[in-house]
Amino acid sequence: MNQGVILKSYNGAIKLILDPDMEFKELLGCIRDKFYESRKFLGGGSIILDMDGRRLSDIEEELIVDAINASCDVSISCIVGKNEDDLEHIKKVGEILESRLDDDEKCRILHGSVMNKQVIEVEDSIIVFGDVNPGSVIVSEGNIIILGGLYGKAHAGCHGDDSAFICAIELEAQGLMINDLSYEPESKPIWSAVLKSSPKVARICDGIITINPLNRVIMEKIYESKKLQA
């Protein structure tokens, strides 16, 4: 394998094939070099990153994304191929989140999709095992976790909690709110009958709502910030 890293482009994604035996520190240097050499070809904007060839920890994945961002002008919109079964892996997020709630923090569980322009309002955090369909709305004083597609609207932290977050396996919302900040997509959301399995999380950073790929590193940062605020 040439320098431990091969880049391939397919269907709007960049496939990163990694040497399974190279030391990670050396591999990280190869990734930086490869993306720097390819920066003119890649241009700018967002890309989907597909990594193959070796199993990566969440920290290693985060370091690779940081190395790519530092080497060229692209941003990673989502990551695929990290686990053999990404969808099942992400569905476990609900169990992890529920188990880590403080005794004083309650969480509602909703089994089934929200449809027919329903409006669901709860005082606690909520986990939805299903979709939130177009025209429907979820409003929560805490966090909103959608283990399906978020295609309608969601409002987390509605009573002044700007540390609240919204996450979904597929996040193509008509609109989002966290506390009193709002977010509307620049283009019309694309709704699919089949989940694309690119989980994302929306939260407030530097006074605006940002949307990033959802992984364990991001969740740890969210919970660490909540502990510091407490």
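Bear in mind that the values in this text are calculations on the coordinates, not laboratory data. Please read these numbers as outputs of a predicted model, since none were measured by experiment. Here Cβ is always computed from backbone atoms with ideal geometry, including for glycine, and neighbour counts include all displayed protein chains.
Under Stokes-Einstein, with the Kirkwood radius over Cα pairs as Rh, the value for segment 2-80 at 37 °C and 0.692 mPa s is 264 µm²/s.
A 25 angstrom limit on the alpha carbon distance is what I want to check against. Which of 8/153; 25/200; 117/200; 40/200 exceed it? 8/153; 25/200; 40/200, as the Cα separations exceed 25 Å there.
Highest mean packing first, where packing is the average number of other Cβ atoms within 10 Å per residue, the peptides 152-162, 16-26 line up as 152-162, 16-26.
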